[in-house]
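First up is the structure itself, then whatever we jot down about it.
The values are calculated or read from the model by the stated rules, or taken from the named source; none is laboratory data. What you see is a predicted model; the values in this text were computed from it and never measured. Neighbour counts run over all protein chains shown; Cβ positions are idealised from the backbone, glycine included. Please note that ligands, DNA and RNA were not included when accessible areas were found on the heavy atoms of the full protein model with its side chains. Shrake-Rupley method; radii C 1.70, N 1.55, O 1.52, S 1.80 Å.
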Amino acid sequence: MSRLRRGWWWLVLLLLVGVLAWVFVGGGHVAPSSPAQRDADTAALHDPAIIARGEYLATAGDCAACHTARDGQRYAGGRALATPFGDVPAPNITPDPETGIGQWSFDDFWRALHDGRGRHGQLLYPVFSYTSFTKVTRDDALAIFAYLKSLPAVHRPNSEPGLDFPYNVRKSLLAWRALYFKPGVFQPDPAKSPEWNRGAYLVQGLGHCNECHTTRDSLGGIEQDRHLTGGQIPAMNWYAPDLSTQAGGGLAGWSAPDIVDLLKTGQSSKGAAFGPMADVVRLSTQHMTDADLQSIAVYLQSLPPRAPAVAAAPFKRAASHEQGGKLYAQRCADCHGDNGQGVAGIYPPLDGNTSVTEPTGINATRSVLLGGFAPVTAGNPQPYSMPPFAQQLSDEDVAAVVSYIRQSWSNQAGAVQAADVSTYRHTPID
């Protein structure tokens, strides 16, 4: 909340700039297709091969995750997407003519995906990841649109965003977009291999990995010079790790098979998918082709080494280390091992696990509170899980055992405080 207060005057200034930009620049638009192109687009909407490709691409983009409410009909919208500025419900994108996209043309859909504008030119809130989707090619966008148009129409009215002033003034988004949004389709790098370019396209565009795995500032903008360097997911209290496999990276030491295994099955020799990433694997990446997953791994392995963190005070174990060790021996060692080594393919290792040693301690704390549940996938249909300890351990106990894990064996991360555990204990799960 303090970050929002510090950004208040910036927001007022952005609001004024946005209104001026609207007055003097106008709404802007993507150029409409030619009549011949529109005829070709219309024909493509009924092509079974294009529809099938669109289903695959929509799955790779994890579209259903946001556009499906809990226990709701697929793609019918209604899920409230939490942000630090208020909740924004995802819209119905089934072809219902009144509440969905039944009256949308492909030009309308392309404008939304590529330029972040609705059917009537209104600015869309960037909780819809058009800052990444702008990189999607026109042909892929057309295939996705064809698939969505092929779905059964669901009549489900959309809800208004629950944003307070000044965040609910759409015209102020013009200034936000000037700071954080650069529209443009992905351009392959001719100096790189086709496999690398495919991985870059999926990670930067359709997969929109940057939306979670990069730090955001107080205005909700992504720090572009920190591409995939990890960050706390706003309003969710999970930490999405740095994705570099090089020295200093969050996946340092991960091989391409490790990455592919995690994305395909939710489990690898280095760790397991949990929290929001478990849903990504379950709904999206497990359904991707091995070739696409390998391309993603190739791209992630090309990310640069990370600069060493600024030297902090000498490492010092928490005062609760002995207490944490006793709790670990009682509650954790049977599965994760006396030395945090885990059991290959069953229980993830804790020693050297970057999800354990990430900067905030959020992931390990919430896993102890909520339990650890790897996704059910075709490659791992009966994953082992960890029970939740929220009802059995106090805030002080959780802080002690998490601090012990973060400060034992080769791990040298900061201690976790009981007050932080209390905060995460009361964070909504969804």
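The set of residues in segment 139-197 that are acidic (Asp, Glu), outside any loop (DSSP other than H, G, I, E, B) and open to solvent by 70 Å² or more (accessible area, probe 1.4 Å) comprises 139, 195. Checked against the criterion of being at pLDDT 95 or above, of a type outside the set (Phe, Trp, Tyr) and within 20 Å of the chain's Cα centre (by Cα), the candidates 225, 261, 290 yield just one match: 261. Only a single item in (1) at pLDDT below 95; (2) within 24 Å of the chain's Cα centre (by Cα); (3) open to solvent by 40 Å² or more (accessible area, probe 1.4 Å) is not met by residue 120, and it is number (2). In segment 38-62, of all residues being assigned to a helix (DSSP H, G or I) and charged (D, E, K, R), the one that is least open to solvent (accessible area, probe 1.4 Å) corresponds to 41. Please determine whether any residue of segment 76-92 is over 21 Å from residue 205 (Cβ atoms) and free of Cβ contacts under 8 Å to residues at least 40 places away in the same chain. Looking for residues that are over 21 Å from residue 205 (Cβ atoms) and free of Cβ contacts under 8 Å to residues at least 40 places away in the same chain, one finds at least one in segment 76-92, hence yes. When the helices (runs of 4 or more DSSP H) confined to segment 239-315 are screened for residues that are under 24 Å from residue 335 (Cα atoms), those reaching at least 1 such residues are found at 256-265, 276-283.
Residue by residue through segment 228-238, note down the ones that are open to solvent by less than 20 Å² (accessible area, probe 1.4 Å) and either assigned to a loop (DSSP other than H, G, I, E, B) or polar (S, T, N, Q) (or both). Listed by number, the residues that qualify are 228, 233. Checked against the criterion of being under 30 Å from residue 81 (Cβ atoms), part of a loop (DSSP other than H, G, I, E, B) and not hydrophobic (A, V, I, L, M, F, W, C), segment 366-376 contains one or more residues that satisfy it.
Pairing each residue of segment 189-218 that is closer than 28 Å to residue 237 by Cα with any residue that is among the acidic types (Asp, Glu) and surrounded by fewer than 15 Cβ atoms within 10 Å (Cβ to Cβ), provided the two are 6+ apart or on different chains, yields C-beta distances under 8 Å for 200/189; 214/223; 215/223; 216/223; 217/223. Annotation: of all residues in segment 395-423 being of a type in the set (Ser, Thr, Tyr) and in a helix (DSSP H, G or I), the one that is least open to solvent (accessible area, probe 1.4 Å) is 403.
Taken over segment 66-81, the criterion of being open to solvent by less than 50 Å² (accessible area, probe 1.4 Å) and either at pLDDT below 90 or assigned to a strand (DSSP E or B) (or both) is satisfied by 68, 77, 81.
For segment 82-93, the set of residues classified as closer than 24 Å to residue 238 by Cβ and either surrounded by fewer than 20 Cβ atoms within 10 Å (Cβ to Cβ) or modelled with pLDDT of 95 or more (or both) consists of 82, 84, 86, 87, 89, 90, listed by residue number. Kindly provide the set of residues from segment 328-380 that are farther than 18 Å from residue 413 by Cβ, surrounded by fewer than 19 Cβ atoms within 10 Å (Cβ to Cβ) and among the β-branched types (Val, Ile, Thr), ordered by number. Residues satisfying the conditions are 343, 346, 376.
Conditions tested, residue by residue: (1) β-branched (Val, Ile, Thr); (2) touching a strand residue (DSSP E or B) at 6+ places or on another chain (Cβ under 9 Å); (3) under 17 Å from residue 277 (Cβ atoms).
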{"residue": "325", "(1), (2), (3)": "no, no, no"}
{"residue": "332", "(1), (2), (3)": "no, yes, no"}
{"residue": "395", "(1), (2), (3)": "no, no, no"}
{"residue": "402", "(1), (2), (3)": "yes, no, no"}
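Given (1) open to solvent by 20 Å² or more (accessible area, probe 1.4 Å); (2) touching a residue at least 12 places away in the same chain (Cβ under 8 Å), identify the lone condition not met by residue 99. Failing condition for residue 99: (1). Annotation: residue 315 fulfils all but one of (1) surrounded by fewer than 21 Cβ atoms within 10 Å (Cβ to Cβ); (2) at positive phi; the unmet one is (2). Has segment 356-375 got any residue that is under 14 Å from residue 273 (Cα atoms) and free of Cβ contacts under 8 Å to residues at least 24 places away in the same chain? The answer is yes, given that some residue of segment 356-375 is under 14 Å from residue 273 (Cα atoms) and free of Cβ contacts under 8 Å to residues at least 24 places away in the same chain. How many residues, within segment 120-149, are closer than 21 Å to residue 43 by Cα and either aromatic (Phe, Trp, Tyr) or free of Cβ contacts under 8 Å to residues at least 40 places away in the same chain (or both)? Qualifying residue count, segment 120-149: 4.
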